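Asker: Before I ask anything, here is the structure I am working with.
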Amino acid sequence: MEKFKQLVENRHEYAKAWKAKTGGKVIGWFEPYFPEEIAYAAGVLPVRMLAQHEPDTISDKWVYASCYPASDLVNMFLKGRYDYVDGIVNVEGCQWMFNAFEVAKNTNPNLFQHYLFLPDYTDAYTSKDVLRSELEVFVRKMEEWTGNKITDADLDRAIDVYNTNRRLLRRIAELRRADQPVLFGSEAMNVVLACQVMDKAEMNDILEKFIEELEERKPAGDRIRLMLLGSETFDTSLEELVEELGANIVIDELDNGTSYYWNEVILQKDRLMALSLRYLGRPHNPIKDNNWRRRPQHIFELTEDFHVDGVIIAKQIYCHLHGSDNYAVWKILRERNIPFHFFERDMTMPYEETEQRLVAFMNMLRPGLTRLVGWHQPMTI
Amino acid sequence: MGQTYWKWPESCWLSKEIDWKKAEKVTAGVDVGTTSAQAAILCDGELFGYANIRIGAYFKKAADLVITQAMGDSGMTLKDIGAIVCTGWGHRNADYAAKFIDEVHCHAKGARFIYGPEVRTVVNLGGQTCSAIRLFDWDRVRDFMMNDKCATGFGRNVEMMCDYLKVPVEEIGKLSLDVNVDPEPVSTTCYAFADTETLGLFRQDFRAEPLSENEVYASHLFAIAWRALGVIGKLQPLDVGDVTVFKELGFTGGLAKNPGVTERIERELKVSALKSEYDPMLAGAIGAALLA
């Protein structure tokens with residue numbers, strides 16, 4: 001577990017070392033729909049701009065009342081934590097990340113920057129063509145910026161590396177379906193986060209070995225099986241708290257969790273169309289799931305496949321995407337008698353408050369859950 | 001020192017009919033909340049003694065004091081109590097308790113004791129939190145919702161406002177109902193905004209028809225009821241369909257004794273809450289003792 005957590009924590013050092021080793025460029029991306037394969041095909045290292053809470057003295061001036069991940073990103077960017085990034089890209093998505101992107105762009109005019117439009121109506125008749133043309137523009141801009149021609153062979157190689165990564169992550173997800181999974185939710189989340197900030201080819205080797213280790217591991221015992229929904233988070237404090245209380249998050253439906261790797265690129269002659277279809281066909285977040293056509297059903301299928309006892313919906317305060325789908329998601333969960341608990345959190349999760357509500361929720365799922373007094377002592381079921 | 005309007009009366013009681021030494025099972029529940037602490041002692045499932053005190057700044061002291069007061073002069077000591085369960089936000093201060101059970105389950109269980117087995121929806125209006133609990137017909141929690149950080153400011157906020165406005169905390173609720181029409185509630189975003197806005201209502205001499213004092217109280221308490229309604233509204237609907245129906249509602253917590261809040265909630269939900277002779281503040285402690 002520590003290995004992947006450290007990879008996430010040391011992501012800035014990793015990217016700097018990668019640059020020194022390869023002489024390549026690093027591009028930071030804000031939104032989960034960013035087509036990393038194109039950047040990778042151009043020889044650039046795409047890294048997710050992950051927020052990390054630090055005492056914030058400057059972001060309020062720029063992005064007042066944004067969600068905390070977005071304002072934390074601004075804070076980090078202005079403090080120079082991302083000074084190794086040579087370019088930034090945002091994909092049409094949430095307004096707060098767009099604000100963070102704009103601040104990063106305007107305060108660093110020398111950076112390569114690109115805004116990629118991705119239709120909100122993802123399953124409209126012309127959406128795939130619109131996105132394909134946007135990808136074509138992005139390919140041209142990347143070629144101009146890097147001076148490297150992106151050939152079909154480059155794209156094939158990149159798609160292969162990314163698909164391999166997705167397949168490996170799906171293998172890890174499958175291990176979480178076991179009655180007694182061998183890994184915890186926090187560990188799984190750190191694995192996915194690490195994948196977003198590292199060279200995928202290098203990461204794939206690490207994942208291969210990790211899966212071998214997992215197959216030898218002993219299960220963590222009988223625990224309440226939970227699913228995590230809601231806004232993106234860039235730490236695993238909630239997962240860790242859940243584990244401390246005697247449960248385990250066996251599946252999530254977060255943009256930077258399973259949704260990041262759930263579907264692959266199905267190759268076709270027109271590589272950009274293949275990419276367009278992949279990103280339009282991935283599990284959507286609320287802003288891209290027009291008319292709630294897919295997301296509630298996808299959530300329900302995950303609850304079934306992973307045999308969850310209950311669902312935690314943790315929304316970031318000021319997140320304007322999540323919460324708008326309460327009607328559809330709550331409805332589908334209630335119709336199927338799947339217990340859930342909804343609450344709002346921010347970047348610094350209040351331990352006491354969250355613990356109180358989670359203990360109550362777990363007690364609701366498995367009555368008789370009590371804890372010996374003394375806060376270091378684990379829950380007994 | 002002048003009158004402190006926020007100080008609600010503390011209480012303790014000891015049964016004269018029950019001989020605890022003859023009881024087969026003696027259990028206790030201690031609910032250390034954010035503004036008050038309660039302890040309840042049960043002998044074979046019957047209430048033997050209780051105490052209800054204000055906390056102030058000393059949680060540990062309050063947690064020790066409340067159980068001592070509940071035992072009173074009965075001769076009982078902590079060793080005589082078979083099991084002690086603590087609950088509430090300050091439960092860690094009751095280090096003499098054997099185990100902790102969450103406040104949702106304690107209030108649900110306590111509400112069934114106080115209001116009878118028919119209670120289906122429990123609304124805990126606490127010092128700084130509000131939770132709404134939906135129960136199955138049997139003794140299981142079906143769903144619950146708790147307020148988030150920005151919606152705090154329930155009981156403690158009323159206490160503070162009573163000091164600002166110089167009106168006794170036991171009277172503000174009744175006074176707030178003595179209005180022809182409820183004015184618009186003050187800000188429901190957070191209690192700090194609400195307080196500023198409420199105090200601002202007294203300064204509005206420029207208004208053609210300034211609000212009376214009672215109308216200002218009504219405006220403030222309506223905002224609290226509104227916030228509680230937001231929490232209640234998220235609960236799982238009782239009946240099939242999208243319409244949430246509230247039946248057999250029971251209030252617990254300190255604000256349950258404030259009709260300015262409870263009657264406004266009842267009016268909006270179109271229900272009459274269940275009544276009981278027990279102090280609704282004791283629900284958490286009684287529930288904890290029952291679950292011990």
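Asker: Among the listed residues A:E212, A:E239, which satisfies the condition of being closer than 26 Å to A:V161 by Cα and not aliphatic (A, V, I, L, M)?
Answerer: Of the residues listed, the single one that is closer than 26 Å to A:V161 by Cα and not aliphatic (A, V, I, L, M) is A:E212.
Asker: Still on this structure: Does segment A:341-356 include one or more residues that are within 14 Å of chain B (Cβ to nearest Cβ), surrounded by 16 or more Cβ atoms within 10 Å (Cβ to Cβ) and free of Cβ contacts under 8 Å to residues at least 24 places away in the same chain? If you could, list the steps in order and put the result at the bottom.
Answerer: Of the residues in segment A:341-356, the ones within 14 Å of chain B (Cβ to nearest Cβ) are A:341-356.
Then keep just the ones that are surrounded by 16 or more Cβ atoms within 10 Å (Cβ to Cβ); that gives A:341-347, A:349, A:353-356.
Still in the running and free of Cβ contacts under 8 Å to residues at least 24 places away in the same chain: A:353, A:356.
Yes, segment A:341-356 has at least one match.
Asker: State which residue is farthest from the chain's Cα centre (by Cα) when the search covers only segment B:84-99 and only residues that are crowded, with 24+ Cβ neighbours inside 10 Å and facing another protein chain (nearest Cβ under 7 Å). Give the derivation first.
Answerer: Quick first cut of segment B:84-99, residues crowded, with 24+ Cβ neighbours inside 10 Å only: B:85-88, B:91, B:94, B:97.
Now restrict to residues that are facing another protein chain (nearest Cβ under 7 Å): B:86, B:97.
On the way: B:C86: 16, B:A97: 22 Å.
By that ranking, first place goes to B:A97.
Asker: Which of the residues belonging to segment B:50-69 are among the β-branched types (V, I, T), closer than 10 Å to B:S36 by Cα and modelled with pLDDT of 95 or more? Lay out the reasoning, then the answer.
Answerer: To start, the set of residues in segment B:50-69 that are among the β-branched types (V, I, T) comprises B:53, B:55, B:66-68.
Those left that are additionally closer than 10 Å to B:S36 by Cα: B:53, B:55, B:66.
Result: B:I53, B:V66.
Asker: Please verify whether B:G75 is surrounded by fewer than 16 Cβ atoms within 10 Å (Cβ to Cβ) and either free of Cβ contacts under 8 Å to residues at least 60 places away in the same chain or within 14 Å of chain A (Cβ to nearest Cβ) (or both), treating the condition exactly as stated. I'd like the intermediate steps shown before the answer.
Answerer: Numbers: surrounded by fewer than 16 Cβ atoms within 10 Å (Cβ to Cβ): yes; either free of Cβ contacts under 8 Å to residues at least 60 places away in the same chain or within 14 Å of chain A (Cβ to nearest Cβ) (or both): yes.
Yes: the conditions hold for B:G75.
Asker: For the condition acidic (D, E), surrounded by fewer than 23 Cβ atoms within 10 Å (Cβ to Cβ), modelled with pLDDT of 95 or more and not in a loop (DSSP other than H, G, I, E, B), what is the one hit in A:E243, A:E212? Please lay out each step first, then the result.
Answerer: Numbers: A:E243 fails: modelled with pLDDT of 95 or more.
Among A:E243, A:E212, only A:E212 is acidic (D, E), surrounded by fewer than 23 Cβ atoms within 10 Å (Cβ to Cβ), modelled with pLDDT of 95 or more and not in a loop (DSSP other than H, G, I, E, B).
Asker: Could you figure out which of (1) within 21 Å of the chain's Cα centre (by Cα); (2) within 22 Å of A:H12 (Cβ to Cβ) isn't true of A:S59?
Answerer: Every listed condition holds for A:S59 apart from (1).
Asker: Within the set of pairs 6+ apart or on separate chains, which have a first residue in segment B:1-27 that is under 23 Å from B:N157 (Cβ atoms) and without any contact (Cβ under 8 Å) to a residue 60 or more places away in the chain, a second that is polar (S, T, N, Q) and surrounded by 12 or more Cβ atoms within 10 Å (Cβ to Cβ), and C-beta atoms under 8 Å apart?
Answerer: Within 8 Å, the pairs are B:E10/B:N52.
Asker: Looking at segment A:333-356 only, could you name the residues that are in a loop (DSSP other than H, G, I, E, B), over 22 Å from A:F234 (Cα atoms) and not β-branched (V, I, T)? Quick ask: steps written out before the conclusion?
Answerer: Of segment A:333-356, the ones in a loop (DSSP other than H, G, I, E, B) are A:336-339, A:346-350.
Cutting the leftovers down to over 22 Å from A:F234 (Cα atoms) gives us A:336-339.
Those that are in a loop (DSSP other than H, G, I, E, B), over 22 Å from A:F234 (Cα atoms) and not β-branched (V, I, T): A:R336, A:N337, A:P339.
Asker: Filtering segment A:14-31 down to residues that are in a loop (DSSP other than H, G, I, E, B) and out of contact with any helix residue (DSSP H, G or I) (no Cβ under 6 Å at 6 or more places or on another chain), which residue is nearest to A:I287 (Cα to Cα)?
Answerer: A:K25
Asker: How many of the residues in segment B:55-80 are among the charged types (D, E, K, R) and either in a loop (DSSP other than H, G, I, E, B) or farther than 15 Å from B:N93 by Cβ (or both)? If you could, list the steps in order and put the result at the bottom.
Answerer: Taking segment B:55-80 as the starting set, the residues that turn out to be among the charged types (D, E, K, R) are B:60-61, B:64, B:73, B:79-80.
So of that shortlist, the ones also either in a loop (DSSP other than H, G, I, E, B) or farther than 15 Å from B:N93 by Cβ (or both) come out as B:73, B:79-80.
Qualifying residue count, segment B:55-80: 3.
Asker: From the list A:V311, A:V359, pick out the single residue that is modelled with pLDDT of 90 or more, within 14 Å of chain B (Cβ to nearest Cβ) and part of a helix (DSSP H, G or I). Show your work before the answer.
Answerer: Details: A:V311 fails: part of a helix (DSSP H, G or I).
Answer to the check: A:V359.
Asker: Please go through segment B:1-42 and pick out each residue that is polar (S, T, N, Q) and assigned to a loop (DSSP other than H, G, I, E, B). Talk me through it step by step, then tell me what you get.
Answerer: The first filter runs over segment B:1-42 and keeps only residues polar (S, T, N, Q), leaving B:3-4, B:11, B:15, B:27, B:34-36, B:38.
Of everything in segment B:1-42, those that are polar (S, T, N, Q) and assigned to a loop (DSSP other than H, G, I, E, B) turn out to be B:Q3, B:T4, B:S15, B:T34, B:T35.
Asker: On to the next question. Among the listed residues B:D148, B:D143, B:D102, identify the single one that is without any contact (Cβ under 8 Å) to a residue 12 or more places away in the chain, over 13 Å from the mean Cα position of the chain (by Cα) and either more than 10 Å from chain A (Cβ to nearest Cβ) or on the phi < 0 side of the Ramachandran plot (or both).
Answerer: B:D148
Asker: May I pose another question? Go through segment A:196-207 and report how many residues are assigned to a helix (DSSP H, G or I) and touching a Leu at 6+ places or on another chain (Cβ under 7 Å).
Answerer: Let us first name the residues in segment A:196-207 that are assigned to a helix (DSSP H, G or I), namely A:200-207.
Subsequent filtering for residues that are touching a Leu at 6+ places or on another chain (Cβ under 7 Å) retains A:204, A:207.
Residues meeting the conditions: 2.
Asker: When the residues of segment A:362-381 are filtered to those that are closer than 21 Å to B:A292 by Cβ and modelled with pLDDT of 70 or more, which remaining residue is farthest from the other protein chains (Cβ to nearest Cβ)? Before you say what the answer is, go through the steps one by one.
Answerer: Initial filter on segment A:362-381 (closer than 21 Å to B:A292 by Cβ): A:362-364, A:366-375, A:377-381.
Now restrict to residues that are modelled with pLDDT of 70 or more: A:362-364, A:366-367.
On the way: A:M362: 9, A:N363: 5, A:M364: 5, A:R366: 11, A:P367: 7 Å.
Of everything passing the filter in segment A:362-381, A:R366 is farthest from the other protein chains (Cβ to nearest Cβ).
Asker: When segment B:110-135 is examined, which residues are found to be within 12 Å of chain A (Cβ to nearest Cβ) and either over 14 Å from the mean Cα position of the chain (by Cα) or surrounded by fewer than 22 Cβ atoms within 10 Å (Cβ to Cβ) (or both)?
Answerer: Once the filter is applied, which keeps residues that are within 12 Å of chain A (Cβ to nearest Cβ) and either over 14 Å from the mean Cα position of the chain (by Cα) or surrounded by fewer than 22 Cβ atoms within 10 Å (Cβ to Cβ) (or both), segment B:110-135 yields B:Q128, B:R134, B:L135.
The values are calculated or read from the model by the stated rules, or taken from the named source; none is laboratory data. The structure displayed is predicted, hence computed values, not measured ones. Heads up, the Cβs are rebuilt from the backbone with ideal geometry, glycines too, and the neighbour counts pull from every protein chain shown.
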